[in-house]
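Read through the structure below, which is laid out as structure tokens, and then see the notes.
The values are calculated or read from the model by the stated rules, or taken from the named source; none is laboratory data. The shown structure was predicted, so the numbers you read here are calculated from the model rather than taken from an experiment. Positions of Cβ are generated from backbone atoms using ideal geometry, with glycine treated the same way; all protein chains shown enter the neighbour counts.
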Amino acid sequence: MKRLLLLAVGVLMAAGAKAQYDAAFTNYWTLQSYFNPAASGLDGRLDIRAALSMQMVGFENAPQTMLATADMPLFFLSPRHGVGVGFMNDKIGLFSNKKLYLQYAYHQPLWGGQLSIGARVGLLDETFDGSKLDVIDPGDPAFATNEVDGMGLDVDFGIRYTYKKRWYAGLSSMHLTGPTIKLGDDKMHETKVPRLYYVTGGYTVQFKQPEYALYTSAIVRTDLQAWRGDVTARLAYNGPKLQLYAGLTYSPTISVGALIGTQFHGMQIGYSYEVYTGGISALHGSHELVVGYQMDLNIFKKGKNLHKSVRVL
């Protein structure tokens, strides 16, 4: 019975890895350039972000995801050009998915806002640790008995429209080529990566007191067979030196969560806790931590990046 249970869990994890290939971050709203490459260099600053998500805490082999991104405008060409780089490491059960990518975006003023188009090229590295799989027949060729891995080329595309600082809407597609990754030296095992589509949007409600604002955002992801949606609202205080926010997020039939965070001197720190509504105890929810740093890069602005040599002070 124990072996059957472990085998069933392995099969379910494999199915889940295909249906929900990309990790679902609660703080998706602050990881814009990951979900849509068109957001690269959009703010005219160097933007560095990192996120760590630990899902279903307390369960053995529970999913864990780490993401690091950086993007910036290319001022030596034009602020309309943006580039970015990122790395993701996603672990679930006996599977490990890594992605390293480069991306580019072009921003064109349009109708008082800005239209952005972006593309991304990356390498996917898939690993399955079959040495930890407990099966009834160890000689069954359907299951790897050691650690196997493989790599594949991945392509993403996105489009986004931003109207000043009031609202934005975007559409992006991950894994456009739908790569099939062969695993192991003998290439007997493979992973088919499904195409995923994202629709994102957000709207800012500015109160009479200029230091207070309500930020609303939403994301829908689908492989055209299953889908997940998230809706988030954050109440923020934007002081001259310190910004604070607190909010709630909801994913229908999946989870509810709470968010808190702060921003000061270009640094951002945020935390969220997600509770699943499908019968899993609230103590086995998901922790998520995000950190970021932003710095102006307008090197052509008078007085910017001006340095004096210590020899002439």
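For the stretch 50-103, residues that are in a loop (DSSP other than H, G, I, E, B) and closer than 30 Å to residue 278 by Cα total 11. Out of all the residues in the stretch 267-288, is one or more hydrophobic (A, V, I, L, M, F, W, C), at pLDDT 95 or above, surrounded by 14 or more Cβ atoms within 10 Å (Cβ to Cβ) and assigned to a strand (DSSP E or B)? The answer is no; no qualifying residue exists. The residues of the stretch 156-170 that are surrounded by fewer than 17 Cβ atoms within 10 Å (Cβ to Cβ) and not hydroxyl-bearing (Ser, Thr, Tyr), listed by number, are 164, 165, 166, 167, 169. In the stretch 226-252, the residues that are farther than 15 Å from residue 275 by Cα form Cβ pairs under 6 Å with partners that are basic (Lys, Arg), at six or more places apart or across chains, as follows: 228/221; 245/234.
Which of the residues that make up the stretch 200-228 are surrounded by 16 or more Cβ atoms within 10 Å (Cβ to Cβ) and aliphatic (A, V, I, L, M)? Residues satisfying the conditions are 213, 218, 219. Looking across the stretch 240-266, the residues that are outside any strand (DSSP E or B), farther than 15 Å from residue 26 by Cβ and not basic (Lys, Arg) come down to 240, 242, 253, 265, 266. Pick from the stretch 175-199 the residues that are in contact with an Asp or Glu (Cβ under 6 Å, 6 or more places away or on another chain) and polar (S, T, N, Q): which of them is surrounded by the fewest Cβ atoms within 10 Å (Cβ to Cβ)? Among those residues, the one meeting the criterion is 180.
Considering only residues that are at pLDDT 90 or above and in contact with a Lys or Arg (Cβ under 9 Å, 6 or more places away or on another chain), look in the stretch 43-65 and name the one that is farthest from residue 267 (Cα to Cα). Per the stated criteria, the residue is 64. Give the residue that is farthest from the chain's Cα centre (by Cα), with candidates limited to residues of the stretch 63-103 that are surrounded by 19 or more Cβ atoms within 10 Å (Cβ to Cβ) and of a type in the set (Gly, Ala, Ser). The selected residue is 93.
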